[in-house]
Structures are given as structure tokens and as C-alpha cells.
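Visitor: Mind looking over this structure? Questions follow.
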Amino acid sequence: SSGVSNRPFTMSNSTPATDNEKKKSKGNRLPCSPSRVLHIRQIPSGVTGAEVVSLGLPFGKVTNLLMLRGKAMYWLQAFLEMASVDAAVSMVNYYTPATPHLQNQPVYIQYSNYKELRTDNQHNQARPQAALQGVNAVQHGNPGITSALAAEGGVLPSHGSVLRIVVENVFYPVTLDVLYQIFSKFGFVLKIVMFHKNNQFQALLQYADATNAYYAKMSLDGHSIYTGCCTLRIDFSKLTNLTVKYNNDKSRDFTRIDLPFGDGQRTMETSLSTPFATQNTSFPSYTGPPGFAPALGFPQGAALGPLTVTSSAAPGHMTIPGIPGNSVLLVSNLNPEAITPYGLFILFGVYGDVHRVKIMFKKRGIALVQMADASQAQLAINYLNGQKLYGRVMHATLSKYQTIQLPREGQEDKGLTKDYSNSPLHRFKNPCSKNFQNIFPPSATLHLSNIPPSVTVDDLKNLFTSKGSTVKGFKFFQKDCKMALIQLGSVEEAVHALIELHNHDFGENQHLRVSFSKSTI
């Protein structure tokens, strides 16, 4: 299936492809046994060796590359050799359900019949080999990348290590941790600062080395984080160094764990370690080498092929492309006297669509929460791990379980396991919902919406007071009296109030909607 070129080349442990093998390569392809040599076909003719190599980087070191002209002049094919069979298996397993794209075109990957690739005597392989050396130089911090990149057709310019990133068409939320996962593939990220300017989402990102910044720009500029949206536009910044005062969801200095959060609500002890944790622990279903867990989707033809992910959810469920990994959370140190499956459903539902909740029968302080996909699970961890709930500091991490099993008929459960997969309260069921742009950490100020005209300020204040909240401030929106902000005595009070009063029935089928706000009164 891999001997599809008329040009002879040398492989070990095999012979050149036979005519029968060529026939098998057309139509139905017979599966090959796993090999560290992979055959990649239907590559657009303008694709560079660096782009092909980048398909394999998140799974481990790429040890060799051979690029050949296909029978149709506008197609290329390539043989990519990974350092190990395990890395190749991880790569094929990843791309089988999620076809990678190069320059907007799908490419197809399968095992080769060959066990090793030798290109010593090959003609026209100088540029692919230079690209391979250049990419590996970046991955291993080798300054010799300059000559390799020059051979690939570009000259390494004199520039700094700070990139300016503009994200266009922001349809889904782009968090600091998302940017870290994407850009850390190309080197050690020192600092990130996010902000809005000229009605655009922008970020400044500083690498430890200018060559890392160059290769990140070369590989990622123009590609999309999610299918059809969140497109990256990357330039070099004139700044030579970023100054970060706070470690929070808008700015972070990865070299300083002592910086304050900035608003006095909570420190970054847990969430600061999140980007580092995702490299090794956050995606247990990924079987490749540590440090290269695939992150997000680049279906517009990104050089980072394994980041090309689209997940198909059931009808009516959220279809945001997810991070490959587990969507079940282990939530511990809960107050067994106060916690309920519904309470966890409402709270975690602020950060994604909760499908199932299970409080452990014998350990009521521990629960499992199943989100619609792994990206939502990671978002919930980022915002809720370390949050105080009913007098205890809650811990949230990924579970070893892939799904929550519903109790069998007749099995004693006492209502501790609930299925919410078809709940009308899912906030992200509609992919066009504005809820995607309004995801904020727990705060003392709550955003209220869907307020009936007959409900007064005093009605709302009394409602929240009846649930044990201390109302510090309140104001209706001037342009829309169906919405308001209410400021409570503490973040924990606001968390409790959201659980108690989201979907509160005012009568006549009008229900209050409650979410965390970034504003203060």
C-alpha cells in the first residue's frame, strides 16, 4: 500500500513495491501491520517538508522524511519515519477518526510496509531533509535551525521573542490556557498577556528564544483553532520583554509562581499549574510521549496536523471541537450534608453542558461529573478547582473513568446518580449562543437575565436574601430591564446563590437565568 512511486528508493527489511502492491494501493487498501514508517498521500503540491514533519511532532521525534511527486503532478506523497512504533501507532490512531489537513486539503495517513526509511542516496531530498533538521532543532533548542530554515526557502530574520497574536472570528472562547497549549509545542513560553483592542481579541506571547517565536509564527499564522473560526493572525511585536504583574486568566508569567491573582478572590496555586499539567496528565487517552499531548483543532490546513479535531456530538448536543481526552471529572472534598447532583449540574453547567452526575454512595464527599467533551471538562477544572463550596475548598481533576454508568434496575442508589444529557438547562446547546463569549470565573457579582417586567428591585433583593445571601449592590441594565447585576457578600455566597436560583420560576413559565459576571457595581 505504500509503494506508490515510480522512483526507486531504499528501505530496510523489505523490497521495492511490486505491481500487486501498487494495485492494492488503489481502491480498497489492505491494512498493514504497525510500522514506524508512515505513508502520507494526496498532499497538495505547495506543501513544504516542515508542514509534513509537523504532523508527527506532537507524537514524538520524527527521524526521517521522504517526499515524492505523485502520478498526478498536483499531488505529493511522503514517507514519514517516527522514532518508535508506539509514536507511529499513536499518530495513526489519532488521525483515523480526525483527518488532518494541509493547506486546506485533507491528507491520508496509513502504515507503510517498510520498517525503516533510508534517504542517503535520494535526489531532490535536500529541502525535505533540511526541514526535518530544522523542526527537530526547534524542538530540541538547537540554534543550528537557521541554516535548515534557509534551505527550506526562508531566511531567519532578526526579530525578538515576543509575538503579537490577533484572533479573528472568535466564535468559541479562547482562554490563556488554550493559547499556552498551542504555542508551547514550539518552545518554552515565558509569559502571556491577553487583551481587547480595536474590538479584537489580542495577545502578546513571549518565548524563551527568538527561533521558537519564528517557527511558531511560520507554522500557525493563518490557521484556525476550531473548525472555521478563531483564526490566528501572528506578527512579531516590537516589544522585547513583557511585564506581567498578575497571574490570572488574562495574564501569566510562567517563571513567577509568587505573583498575586489581581482581584483578591483567589490565588493561582491550582490554575497556574494547569498548562504544565495538560502536557502530561490531562489527556489520559493519548498514548504518545509525554509533553506532546494533542491540544486543539486546526482544520484550515495547519502544519500541526494532530491538532485537527472535530467531534460529532449527538443531535441537540454541543458540537464544539473538543480536546482529545477525558470528559469525566473527579470532584472531591465536597460537603456531604449540602451537596446534591442537581447542585453540581447547575454549577459545572456554567462551563459546559453536564451530561451526568454521580455522588459516590459510600463516600458522599466525592462525585463524578461528566461534561459533553474534554475541552469543557478542562474549562471547568480551570475555573472551579480550588473554589469554596458549602464551607469546603473543592478539588476538581480529571477522572480515570471515561463515562458515568447509570445504576442498573433495582440497584440501590438513593438518587445519587442523575442523567442530564437531555436537560433543557444546557447553556451551550446552541452553537451560536452568546454564552460562549460570557464564560467567567466565579465572582461575587452575578449577571441576572430573563427578569419579568413585574419583578422589582426589592423582589430580587428579597429573593437572594431568602437564600442566605448578603446583597451589597444591585442595578438594572439601562437598555434592557430584563437584565441586572447583583453584588453579594462573597464569591462563595454567589456560588451558592447561582446553584439555588438559576432557573428560579417566577410563574407564567418565566425562569431566572443566573451566571457569573466580570463586572462590579
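Visitor: Need a quick list: strands (runs of 3 or more DSSP E) entirely within the stretch 423-510 having at least 1 residues that are open to solvent by less than 20 Å² (accessible area, probe 1.4 Å).
Guide: Here the list reads 445-449, 471-476, 484-488.
So that you can scan it fast, the table gives a plain yes or no per residue for (1) more than 16 Å from THR255 (Cα to Cα); (2) in the same structural domain as LEU55 (by the TED database); (3) in a strand (DSSP E or B); (4) among the basic types (Lys, Arg):
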residue	(1), (2), (3), (4)
ILE182	yes, no, no, no
LYS185	yes, no, no, yes
LEU190	no, no, yes, no
PHE195	yes, no, yes, no
GLN206	no, no, yes, no
ASN212	yes, no, no, no
SER219	yes, no, no, no
ILE225	yes, no, yes, no
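Visitor: Can you list residue pairs whose Cβ atoms sit under 6 Å apart, with the first residue in the stretch 208-231 being within 17 Å of HIS101 (Cα to Cα) and the second being open to solvent by 30 Å² or more (accessible area, probe 1.4 Å)? Count only pairs 6 or more apart in sequence or on different chains.
Guide: Listed by first residue and then by second, the contacts come to HIS223/GLN300; SER224/GLN300; THR227/THR310; CYS229/ASN169; CYS229/PHE171; CYS230/VAL170; THR231/GLU168; THR231/ASN169.
Visitor: Here's a follow-up. Any idea how many residues of the stretch 303-333 are under 26 Å from LEU55 (Cβ atoms), open to solvent by 10 Å² or more (accessible area, probe 1.4 Å) and at pLDDT 50 or above?
Guide: Matching residues across the stretch 303-333 total 2.
Visitor: From the set of residues in the stretch 416-433 that are at pLDDT below 90 and of a type outside the set (Phe, Trp, Tyr), which is nearest to ILE499 (Cα to Cα)?
Guide: The selected residue is LYS429.
Visitor: Please work out which one of (1) surrounded by 20 or more Cβ atoms within 10 Å (Cβ to Cβ); (2) closer than 27 Å to GLN437 by Cα is the condition TYR214 fails and give its number.
Guide: TYR214 satisfies every listed condition except (2).
Visitor: A further question on this structure: Residues that are open to solvent by less than 60 Å² (accessible area, probe 1.4 Å), in a loop (DSSP other than H, G, I, E, B), modelled with pLDDT of 90 or more and of a type in the set (Gly, Ala, Ser): does the stretch 395-414 have at least one?
Guide: no
Visitor: Still on this structure, please answer the following. When the stretch 227-245 is examined, which residues are found to be open to solvent by 10 Å² or more (accessible area, probe 1.4 Å) and under 23 Å from the mean Cα position of the chain (by Cα)?
Guide: THR227, GLY228, THR231, ARG233, ASP235
Visitor: Evaluate the stretch 145-166: report whether one residue or more is modelled with pLDDT of 75 or more, of a type outside the set (Lys, Arg) and surrounded by fewer than 15 Cβ atoms within 10 Å (Cβ to Cβ).
Guide: Taking every residue of the stretch 145-166 in turn, none turns out to be modelled with pLDDT of 75 or more, of a type outside the set (Lys, Arg) and surrounded by fewer than 15 Cβ atoms within 10 Å (Cβ to Cβ).
Visitor: Take the residues in the stretch 334-360 that are touching a strand residue (DSSP E or B) at 6+ places or on another chain (Cβ under 9 Å), part of a loop (DSSP other than H, G, I, E, B) and free of Cβ contacts under 8 Å to residues at least 60 places away in the same chain, then tell me which one is least open to solvent (accessible area, probe 1.4 Å).
Guide: Among those residues, the one meeting the criterion is ILE339.
The values are calculated or read from the model by the stated rules, or taken from the named source; none is laboratory data. Everything numeric in this text was worked out from a predicted model, so none of it was measured. Glycine gets a Cβ as well: all are built from the backbone with ideal geometry, and neighbour counts include every protein chain shown. Please note that ligands, DNA and RNA were not included when accessible areas were found on the heavy atoms of the full protein model with its side chains. Shrake-Rupley method; radii C 1.70, N 1.55, O 1.52, S 1.80 Å.
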